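Asker: Here's a structure for you.
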Amino acid sequence: MPRIPPTLRPLLLAVLAVQGLSAFAQTPQPPTQDLFPGITATATKDVFPGIVPVPIGTTPLGAPPFVIGLEHLEPAQMSDADNEVVSNLSAELSRQAALANFDISNAGWHYQQVVCPAFPDYVFLAFTHGPDPNGSSRFAAMLPRDSAEVRIVSTYAHGLLPFDVSWNRPGTFEVFNGILRHERGQLPLSSAPNWLLISMCYAELSGYPVQVLNSFPTPDPTLDILRLDGNQPQMMIEPDQSADVTFSDVSRPSTTSNWSIHFDRHGQVTSAGRSLSRQASMIALKP
C-alpha cells in the first residue's frame, strides 16, 4: 500500500468523513418507538395500574341529603279552622268523591292534610285506602275556605292507575290552574318567590308526596348528588315569561324522581313530566 504523506492525511480524513455522512444520510433509519428514549414502557390493560376500581353504588353516602318537604298532618293535628272547613264541606266532599268512584263512607279510608303554604285559601287532603303501601285507591281533594267547590284528583282507583298518569293529565292541570288563578290571578310564575312550593304542591296534588333534594348549604355539585342522579331545584324563565321548573324527589329509598313542570306566561301549568332513576344503594330519609 502506498504511503500517504503526513501533509495529506488531514485532507484524506475529511474526505472520508464527508463520504461516510453522505452514505448514512442515504440509508433509511428505523423510526424510534420510544417517546422517552432510555425509558422502557410496558403495555398494560389497566387504566390506572395498581388501582382497583370499586363501583360507587357499594359505598355509602357521605351524609343524608338535605331535603325540603311539605308537612303532612293527621286529622287530630289539624288546626280548628282547618277541621271546620273539612266538617262544613264533608257532604260535598263525599259527593265529589263518589263522582270519582270513591265511597269514602266505607271503612279503611284515611286522610292527611297536606300543608301547602302557597295556597292559604285551600285545605289540601290526601286520601288513601287499602292495605298495600300505595293504597288500593288514592286521591287528593282541594277544599276552598270561601266556597263549596270541592275538587278531586284521583291517582289510583281500586288498585289501578287511571288511563292517563295524573301528573300529566289535562284534568289535573284544570284543577290546579283553577286554584292557582284564585290565589295569584294570571301573573307569571317568575313573579312568585315561592315558585318551588307551588310546584311541590302540584306534585302532591297529583298524589305523590315529595322530598325535594336541595344541595344547601353546599351549592356546588357533590359526589352524593351525582350518585342520586338529582339536580338542584331551578326555574328557567323564557323571554315570554313562561317558565320551566325542575326538581328531584328523593323520598323513596333507591329511586330518584326527576320532575319537570312547564308554566305558561300566565302562570298556568300546561305540561308536566316525571322520570324515575333507580339507584344502586339504599337511601333512608326521615318521613
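Asker: Would you tally the residues in segment 115-150 being assigned to a strand (DSSP E or B), buried (at least 20 other Cβ atoms within 10 Å of the Cβ) and modelled with pLDDT of 90 or more? Walk me through how you get there before you give the answer.
Answerer: So in segment 115-150, the residues assigned to a strand (DSSP E or B) come out as 122-129, 137-144.
Among the residues that remain, those that are also buried (at least 20 other Cβ atoms within 10 Å of the Cβ) are: 122-129, 137-143.
The next check asks that each one be modelled with pLDDT of 90 or more; those that pass are 122-127, 140-143.
Counting residues in segment 115-150 that are assigned to a strand (DSSP E or B), buried (at least 20 other Cβ atoms within 10 Å of the Cβ) and modelled with pLDDT of 90 or more gives 10.
Asker: Can you pull out every residue in segment 79-99 that is within 15 Å of residue 155 (Cα to Cα) and surrounded by fewer than 15 Cβ atoms within 10 Å (Cβ to Cβ)?
Answerer: Listed by number, the residues that qualify are 98, 99.
Asker: Here's another thing I want to ask about it. Out of the residues in segment 236-245 that are surrounded by fewer than 18 Cβ atoms within 10 Å (Cβ to Cβ) and not acidic (Asp, Glu), which is farthest from residue 166 (Cα to Cα)? Even if it seems obvious, please write down each step before you answer.
Answerer: Taking segment 236-245 and keeping what is surrounded by fewer than 18 Cβ atoms within 10 Å (Cβ to Cβ), we get 236-241, 244.
Filter again for not acidic (Asp, Glu), leaving 236-237, 239, 241.
Working: 236: 24, 237: 25, 239: 29, 241: 26 Å.
Top of the filtered list is 239.
Asker: Testing residue 176 on (1) at pLDDT 90 or above; (2) aromatic (Phe, Trp, Tyr); (3) farther than 26 Å from residue 211 by Cβ, one condition comes back false. Which one is that?
Answerer: Exception for residue 176: condition (3).
Asker: Further, regarding this structure: Give the residue that is surrounded by the fewest Cβ atoms within 10 Å (Cβ to Cβ), with candidates limited to residues of segment 165-196 that are assigned to a helix (DSSP H, G or I) and small (Gly, Ala, Ser).
Answerer: Going residue by residue through segment 165-196, those that are assigned to a helix (DSSP H, G or I) are 166-168, 170-184, 189-191, 195-196.
Among the residues that remain, those that are also small (Gly, Ala, Ser) are: 166, 171, 178, 190-191.
Details: 166: 22, 171: 14, 178: 15, 190: 16, 191: 10.
Within segment 165-196, the match that is surrounded by the fewest Cβ atoms within 10 Å (Cβ to Cβ) is 191.
Asker: A follow-up question, please. For segment 263-279, enumerate the residues that are farther than 22 Å from residue 239 by Cα and either assigned to a loop (DSSP other than H, G, I, E, B) or among the hydrophobic types (A, V, I, L, M, F, W, C) (or both).
Answerer: Passing the criteria: 276, 279.
Asker: Would it be correct to say that residue 85 is within 20 Å of residue 150 (Cα to Cα) and either at pLDDT below 95 or outside any strand (DSSP E or B) (or both)? Before you say what the answer is, go through the steps one by one.
Answerer: Numbers: within 20 Å of residue 150 (Cα to Cα): yes; either at pLDDT below 95 or outside any strand (DSSP E or B) (or both): yes.
Yes, satisfied.
Asker: Same structure again: Return the residues of segment 100-114 that are surrounded by 21 or more Cβ atoms within 10 Å (Cβ to Cβ) and modelled with pLDDT under 90; say none if nothing qualifies.
Answerer: The answer is 102, and nothing else.
The values are calculated or read from the model by the stated rules, or taken from the named source; none is laboratory data. What you are looking at is a predicted structure, and each value in this text was computed from that prediction instead of being measured. In this analysis, Cβ positions are derived from the backbone assuming ideal geometry, glycine residues included, and neighbour counts consider all displayed protein chains.
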